[in-house]
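Let me begin by presenting the structure, written as C-alpha cells, before commenting on it.
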2 protein chains.
Amino acid sequence: MEFKQKRLTNGLDVIGEINKSAKSAAVGFFVRTGSRDEAQQINGVSHFLEHMLFKGTEKLNAFEVNKAFDRTGAQFNAGTSEENTVFYAAVLPEYLIEVTRLWAHLMRPALRNEDFNIEKNVIKEEIAMYKDTPSFDVLDRCRRLHFDEHACGNSVLGAEESIDSLTVEQMRDYFARRYVPDNMMLACAGNFDWSRICLTLEEACLSWQGHAAARKLEHFGGSKKKERIEKTNLVCEHICLISPCVSAQDPRRFAASLFAVIVGDSVGSRFFWDLVDKALAEVATMQFSPMDGTGALVSLLRCSSKNVPKVRDIIGDIFHDLSKDGITEDELRKAKNKVLSALVIKNELPMGRLLDLGFNWIYLKQYYTIADDVKAVKAVTVDDVNSLIEQFKPGDFTQFSIGPARNE
Amino acid sequence: MEFKQKRLTNGLDVIGEINKSAKSAAVGFFVRTGSRDEAQQINGVSHFLEHMLFKGTEKLNAFEVNKAFDRTGAQFNAGTSEENTVFYAAVLPEYLIEVTRLWAHLMRPALRNEDFNIEKNVIKEEIAMYKDTPSFDVLDRCRRLHFDEHACGNSVLGAEESIDSLTVEQMRDYFARRYVPDNMMLACAGNFDWSRICLTLEEACLSWQGHAAARKLEHFGGSKKKERIEKTNLVCEHICLISPCVSAQDPRRFAASLFAVIVGDSVGSRFFWDLVDKALAEVATMQFSPMDGTGALVSLLRCSSKNVPKVRDIIGDIFHDLSKDGITEDELRKAKNKVLSALVIKNELPMGRLLDLGFNWIYLKQYYTIADDVKAVKAVTVDDVNSLIEQFKPGDFTQFSIGPARNE
C-alpha cells in the first residue's frame, strides 16, 4: 500500500492508495455539498443535481453517457447525503483512466432545460415513494424535529413544493457555487498508475475555477421534542429517536460507533435481546451518524400498536441502566469484533476502501491506513464509552412516531 | 493463491484457496439440496430446514447460537435455492477456526418440536409476503409452468399447504437423507491455515455418516405454454419469460452469460434501449440461470397495462432480429467488459470468492482460478453466442403474466 496526494493549482485535491495486489480499481469524485448546504427554497437541489450529471454535457447526451460507461464495463453509482455528493465507479485496472476521464467530463454538466423538466418528475416520484414508506418518512421528520430550524435537519430529497418551484437557473447558480475545485476531491483505490491519474485530471480539470462559500459548523444539542402523527393506512408504529453525539472530526467517533453497536446492532445488542428477541419489536436498531462539526445517534424501531407502551418502558430501562451502570467489558469486546471485521472486510475491496479513504480526507484532511483505524478501535476502553454516555445522555432524545389512529 | 483439497474418510470434501495477502477469510458449508430434491408433499422443506439450523443443537439453544456468532464478529448468512443450501461467514482470520467449528456443530441440529412449530409460522409469513409481491410470484409461477411436472419447477419456499402439513418427522427424515457427508462440502477462501481447518473438520465432522440418493439429471426443453392471471389490486403488468439454455456443467455457460447481458442487462442492453429507455417498461432484464444438468434464460418485465401490446411486439422484434442477424462484435465486446469487471470485483473479496469456488466444485468437481474464468469469458466469439441462439431459440419461451383486469 502506498499513499499519494497532490493538490492541482486550482485547488482540487487528488489522493490515492495504491494496492498493486488488487485486481480492480475504484475512483470517485467527492463533492462537499448536500442538503445542509441548501436554503429552504431550494431544498433538494443537491440530490436533483446529482441526477442531472447523468444527463450529459455540452458534448454528450444521456444516451452517449450511458454508452460511454458501458464501454468500460464499470460498476458505477452516485449518492447524495446531508453533507456530501459522491460519484464513483469500480473497474478493471485497464479501464480506470477512461472512467476517470468520463467522470471528470460529467462534472461539468450541460444542465439543459428539457432534461431538467423531465427529471423533475422523476424526483417528485421519488419523494412520493419515500413519503409512502414510513421507515424513511419517520427518519426525515425526526431529523427535522431534532435539528429544529438548522439546515442539518433538511431532507435530502427536498419537499414537493421546493422541487416544484425550483428553476434551472437556481440549480445552475447552486452548481457554480458548490462544484468548485476547492470544494471537491478525487480519490482512487486499488491497482492503478498514480502519474497517469494525475495527468488525466490536469488535462480534464485544470480549467475549473471558483471558490466555495464556507459551511456553517456548529454543534447541536437537539430539540429533545416529542411528536407523533397518525396515518390511517398503517398497521405498525414507526418510531425514530435522535440524540446528539460527537462529530466526524472527533477522536471519540470510534467509541461512539462501538456504543451504537452495543445498544442497537441488528443482532446481539441490548435492543435485540430486550425487544426483537422477545418479539416486542420487529425492528430496533441504533446507528451512529457522524457529521461535519456535529453528530447524532439515530435509532429506528417498528412494533405493533399494542406493544408501544411496553417498548417505551423497555427503551427507558435500557438507557437508565446504561447511564447508571455503563457498558460491560464483555459487550465492548464483542462489539469490537463486529466493528473490526466489518471494517476490514469493507476495506478489502477497492470500492469499499475508496469511500473510507475519501471521507477521511473530506472530514479530516488526513490519510489513515486500515491498520490505523483498527488500532483506534482496539484502543477504546469501557471508560471511553461510559464518558460518552455521561456527556451526551442518549436517553434524553428527540422522538418522532408515525402510527395508526389510537383507540383510546 | 494456493489451492488445497482433501476428502475426509466419510466422504466430506474440503477445499480451500489460500490468499495470504487477504485481510479476512470466508468459510461455507455447501449442501447439494434444494427444492428440486423435494417431493410435492414436502415442498419447502429445504428452506425451512435452513432456518431450523439456527435454532440450535443438542448442546446449544437459539440464544446460545446467536451469542456464539456474536463472539466471532462474523458477517454470516445462509440461503436456499432450487439446488443448493449454503451457510457462510466472513471473519477476521483469527476467528476462522472458531466460526468453522460453530458451523460444523450447527450442521447437526436438534430439530426440536417446539422450535419447528414456532418457525412454521415464520415460514408461512414469508410465503404470504412473497405471494403479495408480484415480481416474486410471477417468477415462481412461470418456473412451475415452464418445468411442467418436473421438480425443477418447485418453489423454494413451498406452498402454504405443504408447509402446513409438514411434520417434524418428515423434516428429520429429509435431513438424514440429504445432509450426508458425500452430499456436502466445505470451502474456505482468503487468509487461513489449511492444516488447522482440516484438523477442525476431522474433529467435528468425521462422525457424520450416510450416503445421498442421486439427483435426477435431465435436460428440459420447457413447456412453452402461455398463461395469465388477474389480480384486482395491481396497477402494472408483471411478465416472466423462460426459455431453455445450457447447464452449469456446459462449457458454453460463459457464452450464455454474455448473451443474457447483451439482451437484458439492466443498462445498455437491447431490452434497455428498446423498452426501458423508451419508457415502455420500467423493468426489463434477462438472466442466465445455470442449473444441474439443465439451464434457463429468465426474463422479468414490468410495464403499464396500456403498454403491454407494444412491449409484446418489441420483444418479438428483438428475438426475431437476434435469430436472423445474431449479435454484433461491438455488443459482445461491451458485454465482456461488464462480465469481466463484475467477475473480478466479486472474486476480490474472500466472501465473493468463496461462492464461485464452492459452486465450481459442486457442479464441476473442478478448481478454476479467476484467471481461468477470465480466459474463458475472453475466448467467447460472436459465433459461439449465435450458435446458442440457433440451438435454443430464446424467442420460443414459456410466458406467465400477472396483471390487473383488462377492460376489453
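The values are calculated or read from the model by the stated rules, or taken from the named source; none is laboratory data. Keep in mind it's a predicted model, so treat the numbers as computed, not measured. Reconstructed Cβ throughout: ideal geometry from the backbone, glycine too, with neighbour counts over all protein chains shown. Heads up: the accessible areas ignore ligands, DNA and RNA and are worked out on the full protein's heavy atoms, side chains in. Shrake-Rupley method; radii C 1.70, N 1.55, O 1.52, S 1.80 Å.
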(message) Shape verdict for the protein assembly as shown, please, from the Cα gyration tensor: rounded (a/c under 1.5), prolate (a/b greater than b/c) or oblate.
(response) rounded
(message) Taking a point 7 Å out from Cα toward Cβ as the label site, list the nm distances between A:Lys310 and the same residue in every other copy, smallest first.
(response) 5.3
(request) Could you list the trypsin sites (Lys or Arg not before Pro) in region B:245-296 that lie in coil according to DSSP, counting only those with at most 15 other Cβ atoms within 10 Å of their Cβ? (result) B:Lys278
(message) So, taking all protein chains as they sit and a 1.4 Å probe, how much accessible area belongs to A:Phe136, in Å² rounded to tens?
(response) 90
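Taking a probe of 1.4 Å, how large is the accessible area per residue of region B:253-408, in Å²?
42
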(request) Give me the aspartates and glutamates in straight-line cross-link reach of A:Lys224: C-alpha distance below 15 Å, same-chain residues under 8 apart excluded. (result) A:Asp148, A:Glu149, A:Asp396
(message) Give me the net charge for the shell around A:Met351: Cβ to Cβ below 14 angstrom, other residues only, Lys and Arg +1, Asp and Glu -1.
(response) 0
(request) Return the value, in Å² to the nearest 100, of accessible area buried between chains A and B (probe 1.4 Å, both sides summed). (result) 3100
(message) Between 0 and 90 degrees, rounded to the nearest ten: what's the tilt of helix B:370-379 against the longest Cα principal axis of chain B?
(response) 20
(request) Provide Rg and Dmax in Å for region A:162-256, with only Cα atoms included in the calculation. (result) 21.7, 60
(request) Counting residues in region B:286-398 as N, plug N into 2.2 N^0.38 Å and put the Cα Rg over that result. (result) 1.27
(request) Summarise the long-distance tail of P(r) for region A:1-75 by giving the % of C-alpha pairs beyond 22 Å. (result) 52
(request) Using a 1.4 Å probe on the heavy atoms of the protein chains only, list every residue of region B:307-339 that has 30 Å² or more less accessible area in the complete assembly than in its chain alone. (result) B:Lys334, B:Asn337, B:Lys338
(message) With +1 on the Cβ of every Lys and Arg and -1 on the Cβ of every Asp and Glu, and nothing else charged, how large is the dipole of the protein assembly as shown about its Cα centre, in debye rounded to the nearest 20?
(response) 720
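Rounded to a whole number of µm²/s, how large is the Stokes-Einstein D of region B:202-263 at 10 °C and 1.306 mPa s, given Rh as the Kirkwood radius over C-alpha pairs?
Answer, rounded: 93 µm²/s.
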(message) I'd like the distance separating the alpha-carbon centroids of region A:291-348 and region A:174-209, in whole Å.
(response) 38
(request) Excluding residues fewer than 8 places away in the same chain, name every one of the lysines whose C-alpha is closer than 19 Å to that of A:Lys338. (result) A:Lys346, A:Lys375, A:Lys378, B:Lys23, B:Lys67
(message) How much length would be gained if the chain were fully extended between B:Lys393 and B:Lys378, taking 0.36 nm per residue of separation minus their Cα-Cα distance, in nm to one decimal?
(response) 3.0 nm
(request) Just check chain A against the gyration tensor rule for me: Cα atoms, a ≥ b ≥ c as the square roots of the eigenvalues, rounded for a/c under 1.5, and otherwise prolate or oblate depending on whether a/b exceeds b/c. (result) oblate
(request) Sort shortest first the distances from B:Glu98 to its counterpart in every other copy, using label points 7 Å along the Cα-to-beta-carbon line, and give them in nm. (result) 4.6
(message) Less than 15 Å Cβ to Cβ from B:Val246, Lys/Arg counted +1 and Asp/Glu -1: what total charge do the surrounding residues give?
(response) -2
(request) Mind jotting down the distance between the C-alpha centroids of region A:252-280 and region B:8-51, whole Å? (result) 30
(request) Kindly express, to the nearest 10 degrees and within the range 0 to 90, the angle between helix A:62-72's C-alpha long axis and the longest C-alpha principal axis of chain A. (result) 90
(request) Using a Gaussian network model of chain B whose springs link C-alpha atoms within less than 10 Å, name the residue from B:Ser21, B:Ser341, B:Ser46 with the highest mean-square fluctuation. (result) B:Ser21
(request) Specify the angular offset, from 0 to 90 degrees and rounded to the nearest 10, of the alpha carbon long axis of helix B:350-364 from the longest principal axis of the alpha carbons in chain B. (result) 80
(request) Spit out the partnerless Cys residues in chain B, using Cβ distances under 4.7 Å as the pairing rule. (result) B:Cys152, B:Cys188, B:Cys198, B:Cys205, B:Cys236, B:Cys245, B:Cys303
(request) Give the value in nm², to one decimal: projected area of the alpha carbon convex hull of region A:215-361, averaged over all directions. (result) 11.0
(message) Given points 7 Å out from each Cα along the Cα-Cβ axis, report the A:Ser21 to A:Arg101 separation in nanometres with one decimal.
(response) 3.2
(request) For B:Gly293, enumerate residues with amide H under 5 Å from its amide H, sequence gap 5+ or separate chain, H modeled in the peptide plane. (result) B:Ala248, B:Gln249
(request) Report the extension gain between A:Arg215 and A:Asp317 in nm, rounded to one decimal, defined as 0.36 nm multiplied by the number of residues separating them, less their alpha carbon distance. (result) 32.9 nm
(message) Under 37 °C and 0.692 mPa s, how fast does region A:72-178 diffuse according to Stokes-Einstein, given a Kirkwood radius computed over C-alpha pairs? Answer in µm²/s, whole number.
(response) 202
(request) Please give the length that would be gained between B:Glu114 and B:Asn61 if that part of the chain were fully extended, namely 0.36 nm times their separation in residues minus their C-alpha to C-alpha distance (nm, one decimal). (result) 17.9 nm
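Leaving ligands, DNA and RNA out of it, rank A:Glu58, A:Glu237 by accessible area with a 1.4 Å probe, largest first. Please report the intermediate quantities before stating the final value.
Working: A:Glu58 155, A:Glu237 5 Å².
From most accessible down to least: A:Glu58, A:Glu237.
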(request) Return the carbon/sulfur percentage of the accessible area of the protein assembly as shown, one whole number, probe 1.4 Å, all protein chains in place. (result) 51
(request) Name the residues of region B:347-391, by number, that are at least 20 Å² less accessible with every protein chain in place than in the isolated chain; the surface is that of heavy atoms, probe 1.4 Å, without ligands or nucleic acids. (result) B:Glu348, B:Leu349
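How high is the FRET efficiency between A:Lys278 and B:Ser195 when r is their beta carbon distance and R₀ equals 41 Å, given to the nearest 0.05? Working shown, then result.
Details: r = 43 Å, r/R0 = 1.06.
Once the sixth-power term is evaluated, E becomes 0.40.
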(request) Between B:Val168 and B:Ser207, take the C-beta separation as r, use R0 = 30 Å, and let me know the FRET efficiency to the nearest 0.05. (result) 0.85
